[in-house]
Amino acid sequence: NKGHYEHYMQKEIHEQPESLTTTMRGRLIHRGSSKSKSVLLGGLKDHLKTIRRSRRIVFIGCGTSYNAALAARPILEELSGIPVTMEIASDLLDREGPIYREDTAVFVSQSGETADTLLALEYALDNGALCVGITNTVGSAIARNTHCGVHINAGAEIGVASTKAYTSQIVVMVMLALAIGGDTISNQTRREAIIDGLFDLPNKVREVLKLDQVMKELAKLLIAEQSLLVFGRGYNYATALEGALKVKEVALMHSEGILAGEMKHGPLALVDENLPIVVIATRDACFSKQQSVIQQLHARKGRLIVMCSKGDAATVCPNEYCRVIEVPEDVDCLQPVINVVPLQLLAYHLTVLRGFNVDQPRNLAKSVTTQ
Ligand code: UD1
Ligand code: M6R
């Protein structure tokens, strides 16, 4: 049921304040007057000790689910102190990469039925790793075959393009980082800021959704383009990959997410006055580096669209031709949840304007159950 929406993708983008609320329901604890805040993931509580003892945490997934894990990687490394590595499921299988008994392998999948992710799970089970699932589908193969896990509870996702599952996956993995990290005096302020941020996240997402018209206008400008680059780094490297994936998958426009730190190692050669480039430059530890990326792209006459924190337009824009997407600011590790929303809206509007099928992009299936 699409309600008053024209497409499932549109509905699922706009219901993110609600889906994020259900993802967090019952899992964020505000302990009375002591103001002590914590996270409770029922499916993991008996396994946290084992996870904390593991030598490495390895995230395994495909497509958007992989991108969600990439977005959560920095906070998991920071709070747990455990090395975190990333595997695209098919690539792990192609290489028969090393997975050990001392590893915690985390399988991220909206459907819980993706063939490559499922085969990678069998492989990790054979190798004796602790296998944790992060899925949206109760009773799915990945939920059943993992040792433990967390349901993201985002509600059924119908559109082939994953939108609300992505933001709920990130939130669950941030909660996972808080749960594994545990309470120490030294990280208490940081933990409280993140938990406060989680409580307020649905409101921030509601706010960023007001950019719908702005993104539609931007889509009109880009309708006839052949290609769109998206530059991000740090917490928002994943946002760049995910934004580009959405644009190529539904709008059928070539798009590439680029790690801004790699700019001079090749991508800079593409820059001219015609190719549109989105640069994500919201406030975090990478902000000044992104400002210098903007300057360098501007020096090559790049056609810039800058995503920045509210109030930063004048600071980040090199000239009057630069387009701006101003988004609400959040704690660094939650900012990817905010920043992906305008890119989801852009992909949606581009698709409708270009006249393509939004919910069933050509050649794609919602759940990839064959290799
Ligand atoms: C569970 C109930 C929820 C109830 C809550 C109350 C289910 C599905 N969830 O939620 O309805 O409101 O208790 O306390 O009945 N699991 C895996 N792999 C996965 C995902 C989950 O093994 O990929 C396992 C978990 O380890 C857990 C079980 O499935 O044993 C349920 O997980 P989850 O729904 O996340 O647990 P709760 O949030 O505690
Ligand atoms: O169900 P899964 O999360 O395992 O699916 C993984 C990918 O097939 C999926 O995210 C795909 O990339 C989406 N169509 C992206 O929008």
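The values are calculated or read from the model by the stated rules, or taken from the named source; none is laboratory data. Given the structure is predicted, the values throughout are model-derived calculations rather than measurements. So basically every Cβ, Gly included, is an ideal-geometry build from the backbone, and we count neighbours across all protein chains shown. Keep in mind that these areas ignore ligands, DNA and RNA; they rest on the heavy atoms of the full protein, side chains included. Shrake-Rupley method; radii C 1.70, N 1.55, O 1.52, S 1.80 Å.
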Evaluate the relative contact order of region 79-132 (contact order divided by residue number), counting alpha-carbon pairs under 8 angstrom at least 6 apart; express in whole percent. 44
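Region 92-200: which trypsin sites (Lys or Arg not before Pro) are DSSP loop and have at most 11 other beta-carbon atoms within 10 angstrom?
Counting only loop positions with at most 11 other Cβ atoms within 10 Å, the trypsin sites (Lys or Arg not before Pro) in region 92-200 are Arg101.
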So if R0 is 51 Å, what FRET efficiency would Asn1 and Leu48 give, r being the distance between their Cβ atoms, rounded to the nearest 0.05? 0.85
Are there cysteines in the chain with no second cysteine's Cβ under 4.7 Å away, and if so, which? Cys62, Cys131, Cys148, Cys286, Cys308, Cys333
Rounded to whole Å and sorted largest first, list the principal axis extents of the Cα atoms in the chain. 55, 48, 46
With 24 Å as the limit, write out which pairs from Lys11/Lys216; Lys37/Lys164; Lys204/Lys246; Lys310/Lys366; Lys220/Lys264 have Cα-Cα distances beyond it, or answer none. Lys37/Lys164; Lys310/Lys366; Lys220/Lys264
Per-residue ellipticity at 222 nm attributable to helices in the chain (runs of n ≥ 4 DSSP H, -39500 (n - 2.57) apiece, nearest 500 deg cm²/dmol) works out to -14000 deg cm²/dmol
For region 45-129, dividing by residue count, accessible area per residue (probe 1.4 Å) in Å² works out to 43
Contour excess over end-to-end distance, with Cα ends at Ile158 and Leu221 and 0.36 nm allotted per residue: 19.8 nm
Here the net charge surrounding Leu353, from other residues whose Cβ is less than 14 Å away from its Cβ (Lys, Arg +1; Asp, Glu -1), is -1
What is the chain's relative contact order, in percent, from Cα pairs under 8 angstrom and six or more apart in sequence? 19
1.4 Å probe accessible area per residue over region 195-277, in Å²: 41
Taking the simple approach of a point 7 Å from Cα along Cα-to-Cβ for both Leu364 and Lys301, what is their distance in nm? 3.4
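In region 309-371, carbon and sulfur make up what percent of the accessible area (probe 1.4 Å)?
48
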With labels modelled as points extended 7 Å from the Cα through the Cβ direction, what inter-label distance (nm, one decimal) is found for Glu78 paired with Leu28? 1.7
Considering only DSSP beta bridges whose two residues both sit in the chain, what percent are antiparallel, to the nearest 5? 10
Heavy atoms only, probe 1.4 Å: what % of the accessible area of region 244-286 goes to carbon and sulfur, would you let me know? 52
How much length, in nm to one decimal, is gained on full extension between Lys264 and Phe356, taken as 0.36 nm per residue of separation minus their Cα-Cα distance? 29.7 nm
